[in-house]
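The values are calculated or read from the model by the stated rules, or taken from the named source; none is laboratory data. The structure presented is a predicted model; accordingly, all values stated were derived computationally and were not measured. When we count neighbours, we look across all protein chains shown, and the Cβ atoms used for this are built from the backbone with ideal geometry, even at glycine.
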Amino acid sequence: MGKKRSREADAQGDVTMADPAVDKKNEDDSSDDEDMDIVNVDFELFNYDPQIDFHGVKTLLRQLFDTDATLFDLSGLSDLIVEQNTIGSTCKVDDKANDAYAFLTVLNLQEHRAKKPIAQLVEYLTERAKTDESLAGAVPEVLASGQHVGLVLAERLLNMPAEVIPPMWSCMVDEIEAAVEDKEPYEFSHYLVVSRTYREVASTIDQGERKQKKARDVAELQYFHPEDEEMRKHAVASGTYEFTKEGEVADSKRAFQEMGIKPCGLMMLIEADKFQGAVQAIAEYVGTAT
């Protein structure tokens, strides 16, 4: 894949998705021998454009940090991301002027340490890391070390096909390499990837003994981003943390189902020399899992 730094879009893929309206028509017609119609959707990667991408990125950041999003200057953080337009990508459909369906970026925490959004994030991530023993021994120390740590932020709409994600990561690796060659501040000691996971929880509407037992039985960690499960294998430290502003999971989020979800944060600290291997591994993982 070519480097995207020199042009606005360098990656495009056809992803086959079922058209639900056509599918419903076929179902109503009870046609057993008629193939379901499909549509091809072109997902394209673009460099950030401050005039276009601010609101789309801010919306996805709010999703990434869930209930804790109000703790940060999301507008300032969004500005930092979209102004850094040679590193990372937005993924869109049809036109550059549309809002992003997904975004990926890396920010140098040391380079931006004096800026309010980054200072807030470093403090938050340090405190949250201390709540998980798998993170507590490494993340706070690295964040306080003065080393150049790359904070990786990535989020996408929940119904995005996973196949579009590996090209975004591969593009970013290429862009970081090109930036280092140009003496830009992207030579990192570690990458800290921030993501989200969740567990299933029982509804508070009916906390009968049977449902409570079922909640305990199915409370395994689940991933909003399937590639995170593979990426964790390459981390020197990884773990989850609860959101600080988390309350009871709203029963409105469990509409028409017995079980709901309890989101939590995920951090993965990856040494710089392991990062490219992690990106290659998730591309292979997504390819075999879909």
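Odds and ends about this structure:
- Residue check for VAL122: assigned to a strand (DSSP E or B) and either over 19 Å from THR105 (Cβ atoms) or without any contact (Cβ under 8 Å) to a residue 40 or more places away in the chain (or both): no
- Residues in segment 100-119 that are part of a loop (DSSP other than H, G, I, E, B), under 22 Å from CYS171 (Cβ atoms) and not aliphatic (A, V, I, L, M): TYR101, GLU111, HIS112.
- Exactly one residue out of LEU121, LEU107, LEU151 is closer than 18 Å to VAL236 by Cβ and in contact with a helix residue (DSSP H, G or I) (Cβ under 8 Å, 6 or more places away or on another chain): that is LEU151.
- The conditions of being under 24 Å from MET160 (Cβ atoms) and modelled with pLDDT of 50 or more are not met by ARG254.
- Out of SER89, SER75, sole residue that is surrounded by fewer than 17 Cβ atoms within 10 Å (Cβ to Cβ), touching a residue at least 12 places away in the same chain (Cβ under 8 Å) and among the small types (Gly, Ala, Ser): SER75
- Any chance LEU125 is under 16 Å from GLY265 (Cβ atoms), touching a strand residue (DSSP E or B) at 6+ places or on another chain (Cβ under 9 Å) and crowded, with 16+ Cβ neighbours inside 10 Å: yes
- Top-ranked residue in segment 11-68 [being surrounded by fewer than 11 Cβ atoms within 10 Å (Cβ to Cβ) and assigned to a helix (DSSP H, G or I); ranked as modelled with the highest pLDDT]: ASP29
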